[in-house]
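Here the structure comes first, spelled out in structure tokens, and everything after it is commentary.
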Amino acid sequence: MKESIYRIQTYKLVKDKFTMRGRRIEYNYIRDGDVAVVLPILDDGRILMEHNYRRTLKRWLYELPGGHREPGETIKDAAARELEEETGYKPSRLELLFDSFEAPGAGRQRICLYVATGLTKGATRKDPDEQIGLKAMRLSEAVRFAKAAKNTDVKTIAGILLYASTHAKP
């Protein structure tokens, strides 16, 4: 039996009660919406990163653009929307790089990361609470940055390193 015990925005704390091997178990987890992340590749091959202020950490981080999927929206459509909202760029191609779970022991959030190419510049439509700057990095610089694992997050590290290992030219 699942019971929602707290909800705020896209997050819901769930209490799940079940029987396993004859024992009654109570397990709490966070139910969160799917997240689309985008690794934007500019025409010159550089990766477009966001310099994003994260209030939860009270720090600026370099991250790949992304956000939650809206109701009725596909995860791929969410990726295109988030890229345009946060950077102003529209992709002509989105290639799925990975589809994974953020922290399956604590929640059910699915993260899909797309590589965006064929970008055309338009206008941003940032949320009122977003403070975002943009920085373009060569792949080699982005890899060094990801390996240093400072002032960034795990989805950005994973996305850059996986992209480099599967798309780098010999």
Condition (residue is open to solvent by 80 Å² or more (accessible area, probe 1.4 Å), closer than 20 Å to Pro128 by Cβ and modelled with pLDDT under 95) applied to region 70-82: is it met by at least one residue?
yes
**Q.** Meets criteria (outside any loop (DSSP other than H, G, I, E, B) and touching a Phe, Trp or Tyr at 6+ places or on another chain (Cβ under 7 Å)) for Leu97
**A.** yes
Restrict the check to region 122-133 and report whether at least one residue is farther than 30 Å from Leu13 by Cβ, touching a Lys or Arg at 6+ places or on another chain (Cβ under 8 Å) and either at pLDDT below 95 or part of a loop (DSSP other than H, G, I, E, B) (or both). yes
The condition of being closer than 23 Å to Lys147 by Cα, of a type outside the set (S, T, N, Q) and open to solvent by less than 40 Å² (accessible area, probe 1.4 Å) holds, among Gly88, Gly66, only for Gly66
Residue check: is Ala164 over 30 Å from Glu26 (Cα atoms), at pLDDT 80 or above and over 16 Å from the mean Cα position of the chain (by Cα)? yes
Check your understanding: Within region 99-113, can one find any residue that is at negative phi, modelled with pLDDT of 85 or more, open to solvent by 20 Å² or more (accessible area, probe 1.4 Å) and of a type outside the set (Asp, Glu)?
Key -> no
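The values are calculated or read from the model by the stated rules, or taken from the named source; none is laboratory data. The structure presented is a predicted model; accordingly, all values stated were derived computationally and were not measured. Every residue, glycine among them, receives a Cβ derived from its backbone with ideal geometry; neighbour counts consider all protein chains shown. Accessible surface is based on the protein model in full, side chains and every heavy atom, while ligands, DNA and RNA are left aside. Shrake-Rupley method; radii C 1.70, N 1.55, O 1.52, S 1.80 Å.
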